[in-house]
């Protein structure tokens, strides 16, 4: 959705940024990369960490905030150029944690996560963001801009309204 809005508002340019062999390889690996990355991170942050928090008696809301915060922080363990994008990762961590706590399984969180990776990595070789960064985020973190964070907050509300917090 965000990519279409940015395209309509002239905030992204369609531009093949890599040689054909490189972007073809990326597209061939897109589905396995998205599925594997999402599966591993969801197993760690929701399947182990958040599950153990809930089992230890932490409230569902507290587990969402802690697991979401640690998910965001883990993406900044290595050196990154733009630390301000942590707000986007925090919003993503919260929606994924809410999906887990409301459904009692990893499927929805993994699907949302894999879908996000799929769209971001699939679009990345073909688009250039035309800034400001607070609006469009960054090329690898487009959800870190204000519209992306708002969209993730709305998705969190939808998940909670649909499944309810226990």
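Below is a table of values for the structure above.
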quantity: Descending semi-axes in whole angstrom, ellipsoid equivalent of segment 43-120, from the Cα gyration tensor; calculated: 21, 15, 10
quantity: Relative contact order, percent, segment 60-166 [alpha-carbon distance under 8 Å, six or more residues apart]; calculated: 30
quantity: Helical contribution to [θ] at 222 nm, DSSP H n ≥ 4, -39,500 (n - 2.57), averaged over the chain, rounded to 500; calculated: -19500 deg cm²/dmol
quantity: Helix axis angle, 107-123 relative to the chain longest principal axis, alpha carbon, degrees; calculated: 10
quantity: Chain lengthening between residue 128 and residue 33 when straightened (0.36 nm per residue, less Cα-Cα); calculated: 32.0 nm
quantity: Tail beyond 21 Å, pair distance distribution of segment 1-131 (Cα, percent); calculated: 50
quantity: With Cα atoms, 0 to 90° folded angle of helix 60-74 axis to the chain main axis; calculated: 40
quantity: Acute angle (nearest 10 degrees) that the helix 146-163 long axis makes with the longest principal axis of the chain, alpha-carbon atoms; calculated: 40
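Quick note: the coordinates plus some simple rules give every number you see, no bench work behind them. Note that this is a predicted model, so its numbers are computed, not measured.
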